Amino acid sequence: MVRPTGRCVGSVVVMRTARQTLGDAGEHHARRQLEADGYSCLAEQWRCPAGELDLVMLRGDDLVFVEVKVRRGGLVEAEQAVTPAQQRRLLKAAQAFLIAHPEHQDLTWRIDLLGITLDRGGRVTRVSHLENAITGVSAPQTIAEELRRLARVNGVDSADSSDTEASLGHAKRVSDQKANYYNARVIAEKNKG
């Protein structure tokens, strides 16, 4: 007899699809592997309006957001399954985590990808850990450094303002507006062709 998998949320059982169950097992495998490599887990399946972070790990002074991809053997390896839209959601979710957890804002952070490939029998045939696989910046850095960089790039002088946080926030908004404009132009060009 096949039993549906589910988890309790309060007094309600939430049913899980086979794909979700496979993803959960992959995340569990990834967490065990990373902990064996010296990482400690801060959060699993952390959710916010921007999306979900599979794992939030800490290793020394590095805060690591880990996207776990599990695929059965085939033409596409697990680590090739992250779309540009997913990359943008991961960056936004990582930023949301840092805002929600100010105690971690001074840490260097990055987004890693851990790809797990299974054979037809469900056995792990390949695990690849790509550090700093998804970037919105040229190198991992603290959120404060990123905001200062955005202020410089966008011509916002944070030293002239008595409210540094407000001016850094303004720099972030200006940068986001420029990025959104650029992305809209790229999408429009693709739609023309």
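The values are calculated or read from the model by the stated rules, or taken from the named source; none is laboratory data. For clarity, every value in this text was computed on a predicted model and none was experimentally measured. Note that each Cβ is placed from the backbone with ideal geometry, even for glycine, and that neighbours are counted across all protein chains shown.
Do any residues in the stretch 106-133 that are under 15 Å from ALA94 (Cα atoms) have Cβ atoms under 6 Å from those of residues that are modelled with pLDDT under 85 and part of a strand (DSSP E or B), where the two are at least six apart or on different chains, and which pairs are they? The qualifying pairs are ILE111/ILE134.
Report yes if LEU53 is surrounded by 15 or more Cβ atoms within 10 Å (Cβ to Cβ) and either touching a Phe, Trp or Tyr at 6+ places or on another chain (Cβ under 7 Å) or closer than 14 Å to LEU118 by Cβ (or both), otherwise no. For LEU53, the condition - surrounded by 15 or more Cβ atoms within 10 Å (Cβ to Cβ) and either touching a Phe, Trp or Tyr at 6+ places or on another chain (Cβ under 7 Å) or closer than 14 Å to LEU118 by Cβ (or both) - is met. Within the stretch 111-127, restricting attention to residues that are touching a helix residue (DSSP H, G or I) at 6+ places or on another chain (Cβ under 6 Å) and within 15 Å of TYR39 (Cβ to Cβ), the residue that is surrounded by the most Cβ atoms within 10 Å (Cβ to Cβ) is LEU114. Any residue at all in the stretch 9-18 that's of a type outside the set (D, E, K, R), assigned to a helix (DSSP H, G or I) and either under 24 Å from the mean Cα position of the chain (by Cα) or at pLDDT 70 or above (or both)? There is at least one residue in the stretch 9-18 that is of a type outside the set (D, E, K, R), assigned to a helix (DSSP H, G or I) and either under 24 Å from the mean Cα position of the chain (by Cα) or at pLDDT 70 or above (or both). Here LEU130 fulfils each of the conditions (1) surrounded by 15 or more Cβ atoms within 10 Å (Cβ to Cβ); (2) in a strand (DSSP E or B) apart from (1). If ARG149 passes every condition in (1) farther than 15 Å from ALA43 by Cβ; (2) at pLDDT 85 or above but one, which one does it miss? Every condition holds for ARG149 apart from (2). Just one of the numbered conditions (1) crowded, with 16+ Cβ neighbours inside 10 Å; (2) outside any strand (DSSP E or B); (3) modelled with pLDDT of 95 or more is not true of PHE65: (2).
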